[in-house]
Amino acid sequence: MLDIRLIREQPEFVKASLARTGVAPDQIDTLLEYDEQRRKLLREVETLKATRNTVSKEIGKMANAADRDARIAEMRTLGDRISAIDREVAMVEQQQQAALLELRNLPHPDVPDGPDEEHNVVIAQEGEPRTFDFEPKPHWELGTALDIIDFDRGVKLSGSRFYVLKGAGARLQRALIQWMLDLHGAQGYEEVYTPFVVKEQCMWGARQLPKFRDNLYRDVEDDLWLVPTAEVPVTNLHRDEIFDPEQLPRSYCAYTPCFRREKMSAGRDVRGIKRGHQFDKVEMYKFVRPEESYAELERMREDAADTCRKLGIPFRVKALCTGDLGFASTRTYDLELWAPGQNEWLEVSSCSNVESFQARATNIRYRPAIGARPEFVHTLNGSGLGLPRTMIAIMENYQQADGSITIPDALRPYMGGLEAIRPR
RNA sequence: GGGGAGGUCGCAUAGUGGCCUAGUGCGCGGCACUGGAAAUGCCGUAGGGCGUAACCCGUCCUCGUGGGUUCAAAUCCCACCCUCCCCGCCA
């Protein structure tokens with residue numbers, strides 16, 4: 001969530017920044033009216049409370065019964081006024097909070113302007129798409145022929161957008177997870193294993209709520225929500241904590257399944273494993289000092305790029321434009337692997353700086369120096385990488401004319417030395 | 001699921017309506033003593049809101065959370081959350 005003080009002190013700057021993402025300025029004006037009203041009421045009620053506190057102490061020491069009763073009567077009246085104003089304060093605060101939670105983060109000045117994803121800017125590309133002396137197949141054909149992806153039985157178990165990985169396919173995904181965690185470990189990220197279901201409060205803290213309510217699965221009986229990304233539990237690891245100066249930056253990586261209820265358009269990405277209600281992901285996450293967050297974003301982008309690079313698959317990096325920037329993000333880089341079978345670039349990673357947007361909602365702070373006032377940290381998140389799409393890219397790039405799939409060198413140690421997945 | 005005990009300052013504890021402006025010990029920071037240290041002594045050590053307010057200062061709020069009673073609540077009442085112990089069930 002945004003800093004109300006920033007909005008109060010620099011409303012024009014906030015409006016101009018938000019306008020770049022299509023947010024109307026009157027939302028800010030409404031918010032400022034709540035803020036003004038809230039502060040006015042607070043000033044009033046706090047003066048009354050100060051009086052009551054003082055007089056109540058005097059009452060405790062008074063000997064004269066008549067005086068005492070008179071004062072008590074006065075304070076009773078005062079108390080009623082206080083209660084009335086307190087109720088108004090609570091109401092205004094609630095409205096202000098709700099309005100604040102609806103507001104997205106401000107884009108960084110360097111983010112390119114643009115209404116939609118067509119205006120994202122490719123800023124780097126590595127590797128040339130392989131030339132085939134045969135017609136490359138899409139992964140769903142390869143996977144079915146090799147009997148490593150079973151779409152029909154996935155549907156039998158759980159409905160559309162679910163699938164079963166089998167044999168070397170299941171093992172390939174497991175190998176990727178292990179390999180990525182090891183790689184990120186070497187890059188300086190501490191591995192954590194978290195719960196895959198969390199309390200509602202965690203969803204608010206990671207800013208999934210209120211915006212993405214419809215995309216979340218939850219248990220009917222208990223207050224438990226299935227994580228849509230490891231970002232949710234990892235953000236909340238340090239909720240309500242204050243870091244000492246030397247504890248930052250702190251980097252984590254985590255493997256989790258991700259559950260997304262999103263109602264997917266029938267005509268889009270229907271084939272294969274590109275978009276499902278359940279997918280696996282290895283996530284990178286950082287808690288950093290504000291002044292370091294953009295340098296750390298570049299590092300995270302490079303860590304994700306290195307993951308793509310080591311797989312030996314062509315990839316490119318895009319800077320998202322204002323129109324495609326996520327709700328919480330100030331700046332995002334997407335990494336895309338080339339998929340020759342589908343003939344498209346696949347988004348496998350999204351690295352974002354959210355600055356203090358999540359830290360403010362989760363109350364995660366640090367002390368710039370011993371004895372100094374705590375300040376909010378900046379947090380960053382990035383996929384490293386999404387598994388199904390990485391699987392697609394491997395299958396389609398490493399496919400051979402006979403329908404077999406060569407295992408990338410980096411993964412062979414994790415596949416028991418297996419060099420290729422061949423038809424059974 | 002059943003029964004019991006608890007949640008107070010970084011940690012450990014005291015506090016059962018007004019003398020709580022939450023005490024004490026440990027830890028931490030500073031100072032003194034010292035050749036230097038230990039020991040000792042002194043001082044200081046939560047967070048947030050409001051006040052045009054970064055520091056100082058003032059004020060309000062926070063003793064698990066939310067309500068309530070009262071002139072006044074850490075303390076009394078209600079609901080909820082969490083932790084620990086015992087029993088049952090269980091990979």
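The values are calculated or read from the model by the stated rules, or taken from the named source; none is laboratory data. All figures in this text were calculated on a predicted structure; none of them were measured in a lab. No Cβ is skipped: glycine too gets one built from the backbone with ideal geometry, and neighbour counts run over all protein chains shown.
Residues that are outside any helix (DSSP H, G or I), at pLDDT 95 or above and within 27 Å of A:Tyr252 (Cα to Cα) within segment A:380-419 comprise A:Leu380, A:Asn381, A:Gly382, A:Pro408, listed in sequence order.
If I filter segment A:111-120 for residues that are within 8 Å of RNA strand B (Cβ to nearest atom) and either assigned to a helix (DSSP H, G or I) or over 22 Å from A:Val354 (Cβ atoms) (or both), do I get at least one hit? Outline the logic, then answer.
Let us first name the residues in segment A:111-120 that are within 8 Å of RNA strand B (Cβ to nearest atom), namely none.
Among the residues of segment A:111-120, not one is within 8 Å of RNA strand B (Cβ to nearest atom) and either assigned to a helix (DSSP H, G or I) or over 22 Å from A:Val354 (Cβ atoms) (or both), which makes the answer no.
Checking A:Glu191, A:Glu141 one by one, the residue that is in contact with a Gly (Cβ under 8 Å, 6 or more places away or on another chain), farther than 17 Å from A:Ile392 by Cα and not in a loop (DSSP other than H, G, I, E, B) is A:Glu191 and no other.
Would segment A:297-309 turn up any residue that is modelled with pLDDT of 90 or more and within 16 Å of RNA strand B (Cβ to nearest atom)?
So in segment A:297-309, the residues modelled with pLDDT of 90 or more come out as A:297-309.
From what is left, the residues that are within 16 Å of RNA strand B (Cβ to nearest atom) are none.
Among the residues of segment A:297-309, not one is modelled with pLDDT of 90 or more and within 16 Å of RNA strand B (Cβ to nearest atom), which makes the answer no.
Out of the residues in segment A:358-374 meeting the condition of being out of contact with any strand residue (DSSP E or B) (no Cβ under 8 Å at 6 or more places or on another chain) and part of a helix (DSSP H, G or I), tell me which one is nearest to A:Arg207 (Cα to Cα). Among those that are out of contact with any strand residue (DSSP E or B) (no Cβ under 8 Å at 6 or more places or on another chain) and part of a helix (DSSP H, G or I), it is A:Ala361. Just one of the numbered conditions (1) in contact with a strand residue (DSSP E or B) (Cβ under 8 Å, 6 or more places away or on another chain); (2) free of Cβ contacts under 8 Å to residues at least 24 places away in the same chain is not true of A:Gln173: (2).
Restricted to helices (runs of 4 or more DSSP H) entirely inside segment A:1-101, those with at least 3 residues that are away from RNA strand B (no atom under 12 Å from the Cβ) and out of contact with any helix residue (DSSP H, G or I) (no Cβ under 6 Å at 6 or more places or on another chain) are A:11-19, A:26-61. Taken together, the criteria place A:Gln358 among residues that are touching a helix residue (DSSP H, G or I) at 6+ places or on another chain (Cβ under 8 Å), buried (at least 24 other Cβ atoms within 10 Å of the Cβ) and modelled with pLDDT under 95. The residue pairs whose first member lies in segment A:232-261 and is part of a strand (DSSP E or B), whose second member is among the β-branched types (Val, Ile, Thr) and within 14 Å of RNA strand B (Cβ to nearest atom), and whose beta carbons are closer than 8 Å, counting only pairs six or more residues apart or on different chains, are A:Phe243/A:Ile364; A:Phe243/A:Val377. In segment A:179-199 there is no residue that is under 30 Å from A:Glu102 (Cβ atoms), away from RNA strand B (no atom under 14 Å from the Cβ) and without any contact (Cβ under 8 Å) to a residue 60 or more places away in the chain. Does A:Arg81 satisfy the criteria of being more than 30 Å from A:Ala19 (Cβ to Cβ), surrounded by fewer than 14 Cβ atoms within 10 Å (Cβ to Cβ) and under 49 Å from the mean Cα position of the chain (by Cα)? Yes, satisfied.
Which of the residues that make up segment A:360-382 are small (Gly, Ala, Ser) and more than 12 Å from RNA strand B (Cβ to nearest atom)?
Step one: of segment A:360-382, the residues small (Gly, Ala, Ser) are A:361, A:369, A:371-372, A:382.
A:Ala361, A:Gly382 - these are the residues of segment A:360-382 that are small (Gly, Ala, Ser) and more than 12 Å from RNA strand B (Cβ to nearest atom).
Does A:Val288 satisfy being more than 17 Å from A:Gln125 (Cα to Cα), at pLDDT 95 or above and buried (at least 18 other Cβ atoms within 10 Å of the Cβ)? Spelling it out, it is not the case that A:Val288 is more than 17 Å from A:Gln125 (Cα to Cα), at pLDDT 95 or above and buried (at least 18 other Cβ atoms within 10 Å of the Cβ). Can A:Glu347 be described as in a helix (DSSP H, G or I), surrounded by fewer than 21 Cβ atoms within 10 Å (Cβ to Cβ) and either of a type in the set (D, E, K, R) or free of Cβ contacts under 8 Å to residues at least 40 places away in the same chain (or both)? For A:Glu347, the condition - in a helix (DSSP H, G or I), surrounded by fewer than 21 Cβ atoms within 10 Å (Cβ to Cβ) and either of a type in the set (D, E, K, R) or free of Cβ contacts under 8 Å to residues at least 40 places away in the same chain (or both) - is not met.
Whenever a residue of segment A:52-65 is at pLDDT below 90, its partners that are within 6 Å of RNA strand B (Cβ to nearest atom) and among the β-branched types (Val, Ile, Thr), lying with C-beta atoms within less than 8 angstrom and at least six residues away or across chains, give the pairs A:Ile59/A:Ile72.
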